[in-house]
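Beneath this line is the structure, given in structure tokens, with notes to follow.
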Amino acid sequence: MSKKKTFNCSKCKSADVTATATGIRFIKSLPVGTKKTSFCVQMHRVRCHDCDSYLMEKLSFISSSKSRITKVLERHIIELRAHMCIQSLAKYFKLNWHTVKAVEKTYLSKKYSKVPLKHISSIGIDEIHMGKRIGDKGYLTIVRDLKSGATLFVGKGKKGECLDGFMKKLKSSKANIEFVAVDLAPSFTAWIKVNLPQSIIVYDHFHVIKLMNDRLNKVRRRISRELEDEDKGEIKGLRWKFNRNNEDLEETAQAEIKQCCSLFSELGITYALKEALRRIYRIKDLVFVENALQYWCEKADCSGVPELISMAKTIRKHAAGILAFWKTKITSAIMEGFNNKIGWLTRQAYGYRDEEYLILKIFDLPNLKTSKTL
């Protein structure tokens, strides 16, 4: 173990300091072959007489004064992290699990401390439920660039207020947001109208059909509650078959749906209008689309089914955003696919207790392939 003779203040670089030995530290480095490698260093606490700071001495081969591994080892951990899980890396380098995680967390914190927004023109906003321990009531709101797929912001909660931090970053970057793809949640729509009044709101077909499927499920559940126990067999277990596209169902499933719709008229009308709404999205001419949606709403009003009347009211209220899908050809399908990827991320790690670490992993998720182990 060599002794260091000269010291400088790590804050102001002054040589007018007093160094006090604090003890021996073993700093682990990359193994040489099968042999462990460590540096044995006499550490000192340095008192600067110029800036009056009192800090541990700074070593050039470690990233911080508290580090117990070298920068070289940290770089290898980051490089291998894309191919190995934290537990495997900890076992391979004979490190503590928390040490490996801290190395990656520090790296991601520096990498995503500033996300460039200046040239962003179209964004997608969507919320995802992560469990009670994460976010505000278990929800995170994610903003992504619809062109590159990059994660731009992660907010806690599912209300418009959770995006205020993103708005501050947008103003400082002077970005011009032209299009915002979002679901039909009123909180996000209200926030966009207040904070991004010049942007065009786009409700794509996925969210409209998803909302229609929700209305269909409400009709199915309402009818099921009104039936006697012995009669519920005709409608039980058909939820996912009702939600799927009719042409994607097998013949037996189509027969079950047809029989159920003939037995329960309200369900039959709702299912028929759901399929009719899907067919509208095959139309390319905007004028025909406007007429088709107007006709669909009239049929829904005349059906007498409360859920359909509610759906028609929603379509009329959000007509501009729904029609913007045909005008802009912008879709938020990338957001829904990303939500599935987040689900894969949490399953790989058996959940996350560290909220900050999870958010950093979400920022880094577009760079990962789901075939890799996290």
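The values are calculated or read from the model by the stated rules, or taken from the named source; none is laboratory data. From a predicted model like this one, the values you see are computed outputs, not experimental measurements. Heads up, the Cβs are rebuilt from the backbone with ideal geometry, glycines too, and the neighbour counts pull from every protein chain shown. These area figures cover heavy atoms from the full protein model, side chains too; ligands, DNA and RNA do not enter into them. Shrake-Rupley method; radii C 1.70, N 1.55, O 1.52, S 1.80 Å.
Relative contact order of the chain: 14 percent, from C-alpha pairs under 8 Å at least 6 residues apart in sequence.
Based on Cα contacts under 8 Å between residues 6+ apart, the stretch 41-199 shows a relative contact order of 15 percent. Note that the stretch 40-182 presents 56 Å² accessible area per residue, ligands and nucleic acids not counted, probe 1.4 Å.
Ranking of Trp97, Trp191 by solvent-accessible surface, largest first: Trp97, Trp191 (1.4 Å probe, protein heavy atoms only, all chains present).
Computed from point charges on the beta carbon alone (+1 for Lys and Arg, -1 for Asp and Glu), the dipole magnitude for the stretch 107-258 about its Cα centre is near 1220 Debye. Excluding Gly155 itself, what net charge comes from residues whose Cβ is under 10 Å from its Cβ, given Lys and Arg +1 and Asp and Glu -1? It works out to a net charge of -1. Eigen-decomposition of the gyration tensor built on the alpha-carbon atoms of the chain gives equivalent ellipsoid semi-axes of 57, 25, 16 angstrom, largest listed first. The coefficient of translational diffusion for the stretch 173-250, derived via Stokes-Einstein from the alpha carbon Kirkwood radius under 10 °C and 1.306 mPa s, stands at 101 µm²/s. For the residue pairs Lys174/Lys313; Lys168/Lys313; Lys210/Lys236; Lys241/Lys313, the alpha carbons lie more than 31 Å apart in Lys174/Lys313; Lys168/Lys313.
The ellipsoid that matches the Cα gyration tensor of the stretch 261-339 has semi-axes, each √(5λ) in whole angstrom, of 24, 16, 12, with the longest given first.
Of the two radii for the stretch 1-103, the radius of gyration is 1.06 times the Kirkwood radius, both from the alpha carbons; that is the Rg over Rh value. Ser199 sits among other residues whose Cβ lies under 13 Å from its own Cβ, and their net charge, with Lys and Arg +1 and Asp and Glu -1, is 0.
A Förster distance of 56 Å, applied to the separation of the beta-carbon atoms of Arg45 and Ala190, puts the FRET efficiency at 0.55.
Here is the short version for the chain: Cys40, Cys85, Cys162, Cys260, Cys261, Cys297, Cys302 have no other Cys C-beta closer than 4.7 Å. Which one, Met43, Met212, Met167, has the greatest fluctuation when you compute a Gaussian network model over the chain with C-alpha springs under 10 angstrom? Of the options given, Met43 has the highest mean-square fluctuation.
Panel note: the C-alpha atoms of the stretch 183-318, placed on their principal axes, show extents of 56, 30, 27 Å (largest first).
Rounded to the nearest 20, the size of the Cβ-charge dipole of the chain about its Cα centre is 2580 debye, with Lys and Arg at +1 and Asp and Glu at -1. Atom-type composition of the exposed protein surface of the chain places 52 percent of the accessible area on carbon and sulfur (1.4 angstrom probe).
The alpha carbon centroids of the stretch 135-201 and the stretch 47-100 are separated by 36 Å.
For the stretch 94-195, the dipole from Cβ point charges (+1 on Lys and Arg, -1 on Asp and Glu) about the Cα centre works out to 520 debye, to the nearest 20.
Using a probe of 1.4 Å, the accessible surface attributed to Leu360 totals some 20 Å² when neighbouring protein chains are kept in position.
Annotation: average projected area of the stretch 98-206 is 7.8 square nanometres, based on the convex hull of Cα atoms across all directions. Considering the options Val72, Phe26, Leu286, tell which one lies farthest towards the positive end of the dipole of the chain, charges being +1 on Lys and Arg and -1 on Asp and Glu at the Cβ, about the Cα centre. Positive-most Cα among the choices belongs to Phe26.
Computed over protein heavy atoms with a 1.4 Å probe, the accessible surface of the stretch 249-355 works out to 55 Å² per residue.
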